[in-house]
Amino acid sequence: MHAFRITALPALAARHGPIEVRTAARVFNLMARQLSEQFRSRERLGAALSHDVRTPLTRIRIRLEAVPES
């Protein structure tokens, strides 16, 4: 499985053009910042969940390997 990582979302210049264009650019930039934060949060959550699941499973595996076969 390949991870899709976005390093930086585009930003529009909100200083030039008609008011409608500037407003749309500001809204777009806000949306891009929010999406970027959500992507970072999802990456952190994925890493934390992976660690939380892997650690107990490793402990169980090590204990099971130490049990003598009968």
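The values are calculated or read from the model by the stated rules, or taken from the named source; none is laboratory data. Predicted model only: the values in this text are computed from it and were never measured. For accessibility, only protein heavy atoms count, side chains too; no ligands or nucleic acids. Shrake-Rupley method; radii C 1.70, N 1.55, O 1.52, S 1.80 Å.
Could you check segment 1-17 and list, in sequence order, the residues that are modelled with pLDDT of 60 or more and open to solvent by less than 100 Å² (accessible area, probe 1.4 Å)?
Ala8, Leu9, Pro10, Ala11, Leu12, Ala13, Ala14, Gly17, listed by residue number.
With open to solvent by less than 90 Å² (accessible area, probe 1.4 Å), of a type in the set (D, E, K, R), assigned to a helix (DSSP H, G or I) and at pLDDT 85 or above as the only criterion, which of Glu43, Glu20 stands out?
Step by step, each of Glu43, Glu20 is checked, and only Glu43 is open to solvent by less than 90 Å² (accessible area, probe 1.4 Å), of a type in the set (D, E, K, R), assigned to a helix (DSSP H, G or I) and at pLDDT 85 or above.
Restricting segment 23-40 to residues that are among the charged types (D, E, K, R) and under 16 Å from Ala11 (Cα atoms), which is most open to solvent (accessible area, probe 1.4 Å)?
Among those residues, the one meeting the criterion is Arg33.
Just to verify a result, which residue in segment 46-70, among those that are open to solvent by 100 Å² or more (accessible area, probe 1.4 Å) and assigned to a helix (DSSP H, G or I), is nearest to Pro10 (Cα to Cα)? Write out each step before concluding.
Step one: filter segment 46-70 for residues open to solvent by 100 Å² or more (accessible area, probe 1.4 Å), giving 51, 54, 57, 59, 61, 63-65, 68-70.
Pick out the ones that are also assigned to a helix (DSSP H, G or I) and you get 51, 54, 57, 59, 61, 63-65.
Values: His51: 32, Arg54: 36, Leu57: 40, Arg59: 44, Arg61: 45, Arg63: 50, Leu64: 50, Glu65: 51 Å.
Only one residue fits best here, namely His51.
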